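Heads up: the structure comes next, in structure tokens.
None of the figures in this text is laboratory data; all of them are computed from the coordinates on show. From a predicted model like this one, the values you see are computed outputs, not experimental measurements. Here the Cβ is made from the backbone with ideal geometry for all residues, glycine too, and neighbour counts use every protein chain on show.
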Amino acid sequence: MDHLGELQEYIDKLKRGDALSNNATYRSYLKDMRFEIPENLPDAKSLIIIAVSDRLMIVGFHLDGRLHEIMLPPQYYASGLTDEDFRKYISTEVVKGSECKLERTTKVHLKLLAVRSGLGQYGRNNLCYVEGMGSLLKLTAYFTDYQFEKDDWTQMKMMDGCKNCSICMTHCPTKCISKERFVIDVGKCVTLYNEVEGEFPEWIPHDAHNSLVGCMHCQLACPANQEAVKLKGRLGDVTEEETKKILEGEPDEELLTSLTRKLRKFVPAQSKEHFPIFTRNLKALLPRH
């Protein structure tokens, strides 16, 4: 907890210096993010952050007698791990059976916390890399009243391999990564636009679209992900009838139920409210659309 003020000051400094994009969607993501002790755990002493390795998934869409294989990055489907699973892991592997209170949080900047805690390091693409996982991972954090004996706080730094490497920059189709600034230009990142509804900006090249949501251009090319990207998995294939319904943008309950199961709770596949994202993104990825 001694470092919360330092972490928040770093974020505030980025905002004051205009290092963070002023894109309204991006700013809305940051609106409720703050490094502060939760009200329902005022005696918190530490933050526990956990990285879970997850695979890049492939989804097969059948259309016009052909199979189109499209990527779905780890952050966008359910891993199957529950709050109970994490609490059990912390109890047995982290605090070794000691009694402690735990409060899960989604209100802190997880990548920054992971890097400063020594769990991971930043890549030039601003993603967090953990040894043995690359950047294909999910982060989860808990406040706790448990007092750890050792403080492994580290300085923020980029991976050594990034210093003389520009592969992610050359593979980014919108040039949102540069050597001139450590924080990427989020306003140019494809991910910012394919996570929410609306028309894609005209300046995004058609071949920039590569995943059902998110973007994998820099991660696939990154040498630090050489092993992680080999561990691809596969989700359930989407039938020709289902693919056509997605493209038409008029899902029924049967389709929503089927897609939720096949795509492991991929958010745009679960409700009519978010379905336009699914339709737009799939149209951008299929050759004839």
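Summary table below
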{"quantity": "Cα-based equivalent ellipsoid of the range 102-149: semi-axis lengths in Å, sorted from largest, via gyration tensor", "calculated": "21, 12, 10"}
{"quantity": "Where labels lie 7 Å past Cα in the beta-carbon direction, separation of residue 85 and residue 197 in nm", "calculated": "3.2 nm"}
{"quantity": "Between 0 and 90°, nearest 10: helix 275-285 axis offset from the chain longest Cα axis", "calculated": "70 degrees"}
{"quantity": "Burial order of peptide ranges 114-122, 56-64, 246-254 (average beta-carbon count within 10 Å, highest first)", "calculated": "114-122, 56-64, 246-254"}
{"quantity": "Gyration tensor verdict on the range 1-98 (Cα atoms; rounded if a/c is under 1.5, prolate if a/b is larger than b/c, oblate otherwise)", "calculated": "oblate"}
{"quantity": "Set 157/283; 111/262; 111/163; 45/230; 88/272; 96/138 screened for pairs whose C-alpha atoms are more than 31 Å apart", "calculated": "157/283; 45/230; 88/272"}
{"quantity": "Residues 275, 86 arranged by fewest to most Cβ contacts within 10 Å", "calculated": "86, 275"}
{"quantity": "Between helix 253-262 and the chain: long-axis angle, C-alpha atoms, 0 to 90°, nearest 10", "calculated": "60 degrees"}
